[in-house]
1. With unit charges on the beta carbons (Lys and Arg positive, Asp and Glu negative) and the dipole taken about the Cα centre of segment 168-235, which residue among Leu220, Thr179, Ile235 sits farthest to the positive side?
2. What distance in nm separates the simple spin-label points at Asp51 and Ile235, each placed 7 Å from Cα in the Cβ direction?
3. Packing-wise, with mean Cβ within 10 Å as the measure, how do 14-21, 103-110 rank, highest first?
4. For the pair Ser162 and Phe19, how long in nm is the line joining their label points, each one 7 Å along Cα→Cβ?
5. What number comes out for the charge environment of Ser77, summing +1 per Lys or Arg and -1 per Asp or Glu over other residues with Cβ under 14 Å away?
6. For Ile96, what charge total do you get from the other residues with a beta carbon under 10 Å from its beta carbon, if Lys and Arg give +1 and Asp and Glu give -1?
7. Could the peptides 28-34, 119-125 be put in order, highest first, of the mean number of other beta-carbon atoms found within 10 Å of their residues?
8. Sequence neighbours fewer than 8 away in the same chain don't count; with that in mind, list the lysines whose C-alpha is under 20 Å from Lys78.
Amino acid sequence: MVFKVLTLFPEVILQATNFSILKRAQQRGLIKIEAINIRDYTKDKHKRTDDYPYGGGYGMVMTAQPIVDAYESIKSSKSHRVIYLTPQGKKYTQDIAKEFSKEEELVIICGHYEGIDQRVIDLIVTDEISIGDYVLSGGEYAALVLIDSISRLVEGVIEKKSVEEESFSDCLLEYPHYTRPYEFRGLKVPEVLLSGNHEKIKKWRRYQSLLKTIKSRPDLINAANLTEEDIEFLIK
Ligand code: 6GU
């Protein structure tokens, strides 16, 4: 997977992805992260990349020319998806992450100020994506969220089992995890986890998942594939 990130702050992207799993995935050649500085492509004599909005109003708008020229200089025959990160976009989910992870290449545009000239969207953007209902000062942090969540779905980046078992793979939140010591500040590990009874442990974890989902994210329950046994447990 190649990520081509068009940004005014390439260092944010490059530095933040130079740790842990993403660092290792790059070293192993499983993913590649290129940060392209939009400012390098401006034809403005003062190197400006923004201007006042037509029609007036608050804030500045990123101009179309440097973004479109930057895109044209890095696009390839594999640039099928050009993602613009914006609070006006479609809400990002694990399903969208899965869909994007099937691509060989993703172009990501990070906006700043009040946004980018609409003609960039009309000319080159295929997907407008928001990572949630709050406002960020720039698209870079959202780009990092996409890069991380997509990279871990790329074959070989992390162990397959952890992808399959985690939150959202069955539309439920995860059960609580414990490791040593057995007792910490008076709090003990639930006995069932020490029982060695794998059937019982599995059941306990399933019920913990159900309870956690209802408490924190009741909106997810409808999409979950509940068994008759789950429902019986819940109505008790
Ligand atoms: Cl993708 N960008 C910005 N600037 N703010 C956001 C966002 C994206 N998603 C949620 N808030």
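1. Thr179
2. Modelled inter-label distance: 6.5 nm.
3. Numbers: 14-21: 13.4, 103-110: 22.6.
Final packing ranking: 103-110, 14-21.
4. Placing both labels 7 Å along Cα→Cβ, they lie 1.5 nm apart.
5. Details: positive: Lys4, Lys75, Lys78, Arg81; negative: Glu72, Glu103, Glu104, Glu105.
Around Ser77, the surrounding residues sum to 0.
6. Numbers: positive: Lys90, Lys91, Lys98; negative: Asp95, Glu99, Asp127.
Counting the neighbours of Ile96, the net charge comes to 0.
7. On the way: 28-34: 14.9, 119-125: 17.0.
Taking the mean over residues of other Cβ atoms within 10 Å, the ranking is 119-125, 28-34.
8. Result set, ordered by chain and number: Lys4, Lys32, Lys98, Lys102.
Rule-based calculations on the coordinates, nothing more; no lab input. These numbers come from a predicted model, not from an experiment. Here Cβ is always computed from backbone atoms with ideal geometry, including for glycine, and neighbour counts include all displayed protein chains.
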